[in-house]
Amino acid sequence: MSEVDKQVAEAMEILKHIAEDSSVPRNIRKAATKSIEILQDESMDLNVRAINAIDLLDESTADPNCPYHARTMLWQAITRLELPPQAS
């Protein structure tokens, strides 16, 4: 497993925790679930999937109803999805 694959797997694990956390508002759990689906869609290049997931997650971090612990986890996932340019 490459370093990039490990980063994506770590991000998906974080997103699974958010999606399963009942203390997180439904719209943010839904964004986490949708991001996982985007990352698993192999019909697109990995960088495109990562960018699409980051965009969706970034919107969730701006939500005033997002609990602090979930916002921190979202930032962790986003950081892991910021892949090097040559990743694909």
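Pick out, from the chain, the helices (runs of 4 or more DSSP H) lying fully within it that include 1 or more residues that are of a type in the set (Phe, Trp, Tyr) and at pLDDT 95 or above. Don't jump to the end; show me each part of the working.
Numbers: elements: 3-20, 26-40, 46-61, 68-81.
Per the criteria, 68-81.
When region 18-43 is filtered for residues that are more than 16 Å from residue 54 (Cα to Cα) and in contact (Cβ under 8 Å) with a residue 12 or more places away in the chain, the ones remaining, listed by number, are 21, 23, 24, 25.
Does at least one position in region 4-17 carry a residue that is in contact with a Pro (Cβ under 9 Å, 6 or more places away or on another chain), touching a residue at least 60 places away in the same chain (Cβ under 8 Å) and surrounded by 13 or more Cβ atoms within 10 Å (Cβ to Cβ)?
The answer is yes; a qualifying residue exists.
The values are calculated or read from the model by the stated rules, or taken from the named source; none is laboratory data. The structure presented is a predicted model; accordingly, all values stated were derived computationally and were not measured. FYI the Cβ positions are ideal-geometry reconstructions off the backbone, even for glycines, and counts take in every protein chain you see.
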